[in-house]
Amino acid sequence: MTTSLAPPAVLDLGRPLERTTRGLAYPDERDGDRSIEGVLLSRTGSETSSRRTAMEKLLCGLCSGPPERTADGVLWLLSLPNGAPDDRSWDGWPEGARTTEPPVCLQHATPPRAGVGHRAFYVAEAELVGVHGTLHPAPGVLAAPVDRMLRFGDPRMPWMVAHSYVRQLHRLTPADEQRRTR
(Lines give C-alpha, C1' and ligand atoms only; values in the text may rest on other atoms or scores of the structure.)
Protein backbone atom coordinates (compact mmCIF):
# COMPACT_ATOMS: atom_id res chain seq x y z
CA MET A 1 0.00 0.00 0.00
CA THR A 2 1.39 3.40 -1.01
CA THR A 3 0.55 6.55 0.87
CA SER A 4 0.79 9.82 -0.96
CA LEU A 5 1.48 12.88 1.13
CA ALA A 6 0.11 16.10 -0.26
CA PRO A 7 2.02 19.28 0.45
CA PRO A 8 0.54 21.29 3.29
CA ALA A 9 -2.14 23.78 2.37
CA VAL A 10 -0.85 27.30 1.91
CA LEU A 11 -3.15 29.77 3.62
CA ASP A 12 -3.02 33.24 5.12
CA LEU A 13 -5.58 33.15 7.92
CA GLY A 14 -7.93 31.05 5.81
CA ARG A 15 -7.23 32.83 2.53
CA PRO A 16 -5.68 30.55 -0.11
CA LEU A 17 -2.28 31.47 -1.50
CA GLU A 18 -0.77 30.30 -4.77
CA ARG A 19 2.68 28.82 -5.19
CA THR A 20 4.33 30.60 -8.12
CA THR A 21 7.80 30.43 -9.62
CA ARG A 22 8.78 33.45 -7.50
CA GLY A 23 7.15 32.23 -4.28
CA LEU A 24 3.80 32.70 -2.59
CA ALA A 25 1.18 35.09 -3.99
CA TYR A 26 -2.47 35.93 -3.52
CA PRO A 27 -4.59 34.79 -6.50
CA ASP A 28 -5.99 38.34 -6.66
CA GLU A 29 -2.78 40.16 -5.68
CA ARG A 30 -3.10 43.93 -5.70
CA ASP A 31 -1.17 47.06 -4.74
CA GLY A 32 -0.23 47.00 -1.09
CA ASP A 33 0.05 43.20 -0.84
CA ARG A 34 3.86 43.40 -0.90
CA SER A 35 6.37 45.47 1.02
CA ILE A 36 8.83 47.70 -0.81
CA GLU A 37 11.27 44.79 -0.43
CA GLY A 38 8.82 42.50 -2.29
CA VAL A 39 7.77 40.48 0.76
CA LEU A 40 4.18 39.19 0.71
CA LEU A 41 2.22 40.90 3.50
CA SER A 42 -0.55 39.23 5.45
CA ARG A 43 -4.07 40.51 4.86
CA THR A 44 -4.94 40.23 8.53
CA GLY A 45 -6.83 43.48 9.00
CA SER A 46 -6.46 47.18 9.60
CA GLU A 47 -4.74 46.87 13.01
CA THR A 48 -1.89 44.78 11.60
CA SER A 49 -1.65 47.03 8.56
CA SER A 50 -1.50 50.20 10.67
CA ARG A 51 1.17 48.67 12.95
CA ARG A 52 3.28 47.77 9.88
CA THR A 53 2.86 51.34 8.60
CA ALA A 54 3.85 52.71 12.03
CA MET A 55 6.92 50.48 12.06
CA GLU A 56 7.89 51.38 8.49
CA LYS A 57 7.42 55.14 8.93
CA LEU A 58 8.43 55.33 12.62
CA LEU A 59 5.08 56.48 13.97
CA CYS A 60 3.54 55.79 17.39
CA GLY A 61 2.22 52.24 17.26
CA LEU A 62 -0.89 53.17 19.22
CA CYS A 63 -2.11 56.45 17.74
CA SER A 64 -0.10 56.70 14.47
CA GLY A 65 1.07 60.16 15.53
CA PRO A 66 4.69 61.27 15.78
CA PRO A 67 6.68 59.39 18.42
CA GLU A 68 8.52 61.19 21.21
CA ARG A 69 11.91 62.40 19.91
CA THR A 70 14.87 63.98 21.66
CA ALA A 71 18.53 64.49 20.80
CA ASP A 72 19.06 60.87 21.96
CA GLY A 73 16.58 59.43 19.49
CA VAL A 74 13.06 58.05 19.25
CA LEU A 75 11.19 56.64 22.28
CA TRP A 76 10.62 52.88 22.36
CA LEU A 77 9.13 50.56 24.98
CA LEU A 78 10.98 47.26 25.04
CA SER A 79 9.89 44.04 26.70
CA LEU A 80 12.45 42.92 29.25
CA PRO A 81 14.15 39.62 28.46
CA ASN A 82 13.27 36.58 30.55
CA GLY A 83 15.12 36.09 33.80
CA ALA A 84 16.79 38.35 36.30
CA PRO A 85 19.33 41.07 35.40
CA ASP A 86 22.17 38.66 36.24
CA ASP A 87 20.78 36.09 33.77
CA ARG A 88 23.03 35.47 30.71
CA SER A 89 20.20 36.56 28.36
CA TRP A 90 20.72 40.11 29.69
CA ASP A 91 24.36 40.27 28.50
CA GLY A 92 24.61 43.37 26.37
CA TRP A 93 20.86 43.92 26.41
CA PRO A 94 19.31 46.05 24.95
CA GLU A 95 22.01 46.95 22.38
CA GLY A 96 21.11 45.20 19.12
CA ALA A 97 17.68 44.14 20.37
CA ARG A 98 15.18 43.33 17.64
CA THR A 99 11.55 44.34 17.94
CA THR A 100 8.28 44.11 16.03
CA GLU A 101 6.80 46.89 18.16
CA PRO A 102 6.76 50.43 16.74
CA PRO A 103 7.99 53.44 18.75
CA VAL A 104 5.60 55.36 21.00
CA CYS A 105 4.58 58.93 21.72
CA LEU A 106 5.03 60.29 25.24
CA GLN A 107 1.31 59.88 26.01
CA HIS A 108 1.40 56.16 25.23
CA ALA A 109 4.68 55.55 27.07
CA THR A 110 3.06 56.15 30.45
CA PRO A 111 1.69 53.49 32.81
CA PRO A 112 0.12 51.00 32.64
CA ARG A 113 1.80 50.28 29.26
CA ALA A 114 5.28 51.24 30.51
CA GLY A 115 5.07 49.18 33.64
CA VAL A 116 6.22 45.78 34.76
CA GLY A 117 8.01 43.89 32.04
CA HIS A 118 8.87 46.94 29.91
CA ARG A 119 11.54 49.61 29.93
CA ALA A 120 11.59 52.87 27.95
CA PHE A 121 14.61 53.81 25.80
CA TYR A 122 15.49 56.56 23.39
CA VAL A 123 16.90 54.85 20.29
CA ALA A 124 19.33 56.68 18.00
CA GLU A 125 19.36 54.02 15.27
CA ALA A 126 16.49 51.67 14.37
CA GLU A 127 17.39 49.74 11.24
CA LEU A 128 14.60 47.90 9.38
CA VAL A 129 16.19 44.43 9.11
CA GLY A 130 13.45 41.96 8.26
CA VAL A 131 9.96 40.66 8.85
CA HIS A 132 8.15 38.36 11.26
CA GLY A 133 5.41 36.07 10.05
CA THR A 134 4.54 32.60 8.81
CA LEU A 135 7.22 30.78 6.86
CA HIS A 136 5.68 28.16 4.59
CA PRO A 137 7.67 25.21 3.27
CA ALA A 138 9.18 25.55 -0.19
CA PRO A 139 7.84 23.26 -2.93
CA GLY A 140 8.87 19.65 -2.37
CA VAL A 141 9.40 20.13 1.36
CA LEU A 142 6.92 18.37 3.61
CA ALA A 143 6.86 20.46 6.75
CA ALA A 144 4.42 22.53 8.71
CA PRO A 145 4.45 26.32 8.41
CA VAL A 146 6.34 28.00 11.27
CA ASP A 147 6.17 31.38 12.95
CA ARG A 148 9.54 33.08 12.55
CA MET A 149 11.62 36.16 11.86
CA LEU A 150 13.61 36.40 8.62
CA ARG A 151 16.20 39.02 7.74
CA PHE A 152 15.86 40.76 4.37
CA GLY A 153 17.85 38.87 1.77
CA ASP A 154 17.13 35.45 3.30
CA PRO A 155 16.63 32.98 0.42
CA ARG A 156 13.47 31.64 2.13
CA MET A 157 11.73 35.05 1.91
CA PRO A 158 9.56 34.07 -1.13
CA TRP A 159 7.79 31.54 1.14
CA MET A 160 7.10 34.04 3.95
CA VAL A 161 3.80 35.79 4.67
CA ALA A 162 4.84 38.73 6.85
CA HIS A 163 2.68 39.98 9.70
CA SER A 164 5.08 42.65 10.96
CA TYR A 165 8.36 44.40 10.27
CA VAL A 166 11.42 43.91 12.47
CA ARG A 167 13.82 46.70 13.48
CA GLN A 168 17.18 46.24 15.15
CA LEU A 169 17.90 48.91 17.73
CA HIS A 170 21.28 50.55 18.42
CA ARG A 171 22.65 53.34 20.61
CA LEU A 172 19.96 53.20 23.27
CA THR A 173 19.66 55.58 26.20
CA PRO A 174 17.39 54.61 29.11
CA ALA A 175 14.57 57.15 29.25
CA ASP A 176 14.90 57.52 33.00
CA GLU A 177 18.56 58.58 32.57
CA GLN A 178 18.05 60.79 29.52
CA ARG A 179 18.10 64.59 29.90
CA ARG A 180 15.44 66.23 27.78
CA THR A 181 17.09 68.40 25.14
CA ARG A 182 14.21 69.88 23.20
### Query
Sorted by packing (mean other beta-carbon atoms within 10 Å per residue), highest first, where do 156-166, 21-31, 92-102 land?
156-166, 92-102, 21-31
### Ellipsoid semi-axes in whole angstrom, largest first, where each is sqrt(5λ) of the Cα gyration tensor of region 27-71
25, 12, 6
### Query
What do you reckon, how do Glu56, Glu127 stack up by accessible area (1.4 Å probe), largest on top?
Glu127, Glu56
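The values are calculated or read from the model by the stated rules, or taken from the named source; none is laboratory data. What you are looking at is a predicted structure, and each value in this text was computed from that prediction instead of being measured. For neighbour counting, all protein chains shown are included, and Cβ atoms are generated from backbone atoms with ideal geometry for every residue, glycine included. With ligands, DNA and RNA removed, areas are computed over all heavy atoms of the protein, side chains included. Shrake-Rupley method; radii C 1.70, N 1.55, O 1.52, S 1.80 Å.
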